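Notes follow the structure.
The values are calculated or read from the model by the stated rules, or taken from the named source; none is laboratory data. Being a predicted model, the structure only gives us computed values, none of them experimental. Neighbour counts run over all protein chains shown; Cβ positions are idealised from the backbone, glycine included. Accessible surface is based on the protein model in full, side chains and every heavy atom, while ligands, DNA and RNA are left aside. Shrake-Rupley method; radii C 1.70, N 1.55, O 1.52, S 1.80 Å.
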Amino acid sequence: MKKLLTKDQAEKKIAHTTPPPPRVNRRSPHPQESGSVIVGVMVALVFIGIVTAAMVKATGGQSTASRNYGSTLLMSSTANSGIIATETFFRNNTAETDADGRKMITDMINAVFLENDTQYINFGGNLTPGHKFELSKNPEQFFSSKIVDVITQDGRFFARVEVNSGRNPAGRDLQKATAFFEVENLEIEDGGGEWVKNAFYVGEDMAELTFNSSVRFEGNVTLARSTQQTDIFVNNSAAKVEFAKAGEHGDAFFQGGIHFNNPQVSFETKAYFNSHFEMQTAGSWPEPNLVFQDDVGFRGNFWSRGHSDSRGLVDVAGNVWIGGRFDNKGNTGTITSAMRSVGTDKTFHYTDDLRMVGPNCVNVNGRCTFHNMEWWRHIGPGAETESQRNIGPTGFANMPNPLPSMDSTTILSGLGMRHLESRKEPNLVLDVGAKKFFSLSELMRREGGDMINGDAIENFIKMARGDAAFDQYFHPNRRDPTSHFLIDMDTRIGWSGGSFNEKVVFNVEKEDLNANGNFYSSGANASTMIYVSGKDVRLTGFGPHEGDFRGLVYVHQEAKGGDGHTFHWPKEGTIHGAVLFNGGNRLTWRPGAKTTIRQDGDITAAFSNMLRIHGTDDFVGGGGGEGNGLTIKTGEVVNLRQIGVYFH
């Protein structure tokens, strides 16, 4: 019988084409040994289920092969050498200084992980994929190694590797070994950073916002309706509207005219009004009515009216910039507006147009020659009568001389806020490449009945993740735990609440999404995008029966929404992510509990690989449409930690 190579001899032979392998420590390097082994065994069992049939077939073939015991030992030793060579190949080609090697290994792993494309390892020379590498000529020892599967579980990554041994490069396999590894020092690459600019955004078509329940916006808010269009009318007589910060994000920008019909408005953040601001039934003098708790700027007129046409008082805690007058948008109203400073050492910046007594004012026979009006009509400090002094700005510590004019750049610079163009949310297209949307009507057929809840959808998605038949319905890849299941809202259904902790995208194009306040609540790991693309479809009563929503609500620029969209939250809850109405003409909050919309860029970043900027090939946040692959952690090498080996 020919002499078998020892393990040391095999390693020396492998060293001619790969660096010497490290000592293999079969014990877990992790302190949480028991938990690590349990997970590893579970993963191995999953793999075993996949290959059991193949193992039986191979074993049966071996039982009929006329090989003696010595040959069996020789081929087993060769296969074991192939396993050691595979471990060494990954480690020695992923040094931090080896950019080419790291790219090669990353490409191989992602080909298996994303495309389920088996990858043969080339240990040297122009080795044909599938052909075996020469370990020894005498005795004849050849082996091949291929990565068959890469999966992830609980943030960890596992690989199945098949090693075949034989007596010549292209001959039949005489011994197969299936090795299971935990692949250490991998992570899912960032598919795109924060891209959303606002917690709440409405485009130029939005004409009316009605709040029949209280709403709190935490983060940036932009209303982009232009100054050439009619005012946005905010009907908030039955509720309070609050504007606040979410971390570093938080200010409010109104491009066109805005009309509040109730003083229950609170700006805890900076605010800018590019056109005119009007508020009905503001607090009557001298009742306190703190609307602006931070700096505020008005490029146009400011007008507030109290009850029964009395003076409308608005308190301000910050600095003020105003380029217009204390009057309605047409300069035709009775001057009843009062703005009182309740801050410390605050400044009121204004222009000559405000009609306060200034250095250019000259009294000739009871008329102001500069403002061309009766002298007694001046307002604010310096006015003739107490009643006129209580109109306009009062209580400000600093009132510098007026400017001739005040443009948006001057005001925004003073506020430290951005112009509209850098605040606009781009028009976006839902682009999932070759992937398809699973029919909601088919899902309902499988579930039975005409009602659905979050638990049923979650269970269906979990089932689909384990079935290759559903590959085409996951973006970017079913095997990626961050991937989203794609559902086409092709039928009207009833919602019955429940909870949801999976990842899904609803394309609302054919039918309304009528939740009636019974949408599901989101768990800590949930991710949901509601993408409204149908021209006349609507969100009706959107909101969970209780709890929060994690994700993105996006209304396409061409989706007008018919009679308007409605939100309904029966119990107090929060939208974590963003609500972006690039389209839509009317949005109403039905009577219910308070809703908070909190800007969260980490949550909306999950959709960066499927939202393409309209008219371009660019995806938001720098993401790519192909999705997120795996990458090697900076400063680390890829280590294959063996879980188990099966010879068959």
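Values computed for the structure shown
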item	result
Considering residues of the range 204-220 that are under 24 Å from GLN557 (Cα atoms) and in a strand (DSSP E or B) only, the residue most open to solvent (accessible area, probe 1.4 Å)	GLU208
Any chance ALA469 is open to solvent by 50 Å² or more (accessible area, probe 1.4 Å) and either within 30 Å of GLY564 (Cβ to Cβ) or among the hydrophobic types (A, V, I, L, M, F, W, C) (or both)	yes
Residue within the range 625-646 that is more than 29 Å from GLY498 (Cβ to Cβ), touching a Gly at 6+ places or on another chain (Cβ under 6 Å) and surrounded by fewer than 21 Cβ atoms within 10 Å (Cβ to Cβ) present	yes
The range 412-433 residues that are within 20 Å of GLY256 (Cα to Cα), paired with ones that are assigned to a loop (DSSP other than H, G, I, E, B) and among the small types (Gly, Ala, Ser) (beta carbon under 7 Å, 6 or more apart)	LEU420/ALA224; LYS424/ALA224
All positions within the range 502-519 that are of a type in the set (Asp, Glu) and more than 18 Å from THR604 (Cβ to Cβ)	GLU509, GLU511, ASP512
Top-ranked residue of the range 396-448 - restricted to ones that are more than 30 Å from ASP488 (Cβ to Cβ) and of a type in the set (D, E, K, R), ranked as farthest from the chain's Cα centre (by Cα)	ASP407
Qualifying positions in the range 513-533 - crowded, with 20+ Cβ neighbours inside 10 Å and either in contact with a Cys (Cβ under 7 Å, 6 or more places away or on another chain) or of a type outside the set (Ser, Thr, Tyr) (or both)	LEU513, ALA515, GLY517, ASN518, PHE519, ALA526, MET529, ILE530, VAL532
The range 471-500 residues that are within 11 Å of ILE461 (Cβ to Cβ) and in contact (Cβ under 8 Å) with a residue 60 or more places away in the chain, paired with ones that are assigned to a strand (DSSP E or B) and aliphatic (A, V, I, L, M) (beta carbon under 7 Å, 6 or more apart)	HIS484/VAL504; HIS484/VAL505
Residue check, ASP315 within 15 Å of ILE391 (Cα to Cα), without any contact (Cβ under 8 Å) to a residue 40 or more places away in the chain, outside any strand (DSSP E or B) and open to solvent by less than 30 Å² (accessible area, probe 1.4 Å)	no
Odd one out for GLU187, checked against (1) under 30 Å from GLU248 (Cβ atoms); (2) modelled with pLDDT under 85; (3) among the acidic types (Asp, Glu); (4) not in a strand (DSSP E or B)	(4)
Count - residues of the range 409-435 that are in a helix (DSSP H, G or I) and open to solvent by less than 20 Å² (accessible area, probe 1.4 Å)	3
Meets criteria (over 30 Å from ASP617 (Cα atoms), free of Cβ contacts under 8 Å to residues at least 12 places away in the same chain and not basic (Lys, Arg)) for ASP455	no
Residue list for the range 472-511, filter: open to solvent by less than 40 Å² (accessible area, probe 1.4 Å) and within 19 Å of ASP117 (Cβ to Cβ)	PHE474, HIS475, PRO476, ASN477, ARG478, ASP480, SER483
Cβ-Cβ under 6 Å pairs, at least 6 apart or on other chains, the range 99-117 side farther than 10 Å from GLY629 by Cα, far side assigned to a helix (DSSP H, G or I) and open to solvent by less than 30 Å² (accessible area, probe 1.4 Å)	ASP117/ALA111
Criterion violated by SER144 - all others in (1) at pLDDT 80 or above; (2) closer than 18 Å to VAL638 by Cβ satisfied	(2)
The range 463-499, subset among the hydroxyl-bearing types (Ser, Thr, Tyr) and under 16 Å from GLU442 (Cβ atoms), residue modelled with the lowest pLDDT	THR491
Checking PRO400 against (1) surrounded by fewer than 17 Cβ atoms within 10 Å (Cβ to Cβ); (2) out of contact with any His (no Cβ under 9 Å at 6 or more places or on another chain), the condition it does not meet	(2)
Candidate set: the range 124-160, residues that are hydrophobic (A, V, I, L, M, F, W, C) and in contact with a helix residue (DSSP H, G or I) (Cβ under 6 Å, 6 or more places away or on another chain); chosen: the one surrounded by the most Cβ atoms within 10 Å (Cβ to Cβ)	PHE143
Any hit, the range 338-349, residues being more than 20 Å from ARG299 (Cα to Cα), acidic (Asp, Glu) and in contact (Cβ under 8 Å) with a residue 12 or more places away in the chain	yes
Tally of residues being within 18 Å of ILE322 (Cα to Cα) and in contact with an Asp or Glu (Cβ under 8 Å, 6 or more places away or on another chain) across the range 372-404	6
Filter result for the condition that a residue is modelled with pLDDT under 95 and closer than 28 Å to ASN289 by Cα, over ASP315, ASP345	ASP315
When residues of the range 108-123 are limited to those that are over 17 Å from THR88 (Cβ atoms) and open to solvent by 60 Å² or more (accessible area, probe 1.4 Å), the one farthest from the chain's Cα centre (by Cα)	ASP117
Residues of the range 88-107 that turn out to be open to solvent by 20 Å² or more (accessible area, probe 1.4 Å) and in a helix (DSSP H, G or I), as a count	9
Filter result for the condition that a residue is outside any strand (DSSP E or B) and under 16 Å from TRP195 (Cα atoms), over ALA593, ALA605, ALA578	ALA605
Selection count, the range 171-201, where residues are more than 21 Å from ILE84 (Cβ to Cβ), surrounded by fewer than 18 Cβ atoms within 10 Å (Cβ to Cβ) and in contact (Cβ under 8 Å) with a residue 40 or more places away in the chain	6
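The rows are residues; the columns are (1) polar (S, T, N, Q); (2) open to solvent by 10 Å² or more (accessible area, probe 1.4 Å); (3) at pLDDT 95 or above.
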residue	(1), (2), (3)
ALA578	no, no, yes
ASN585	yes, yes, no
TRP589	no, no, no
LYS594	no, yes, no
ILE603	no, yes, yes
THR616	yes, yes, no
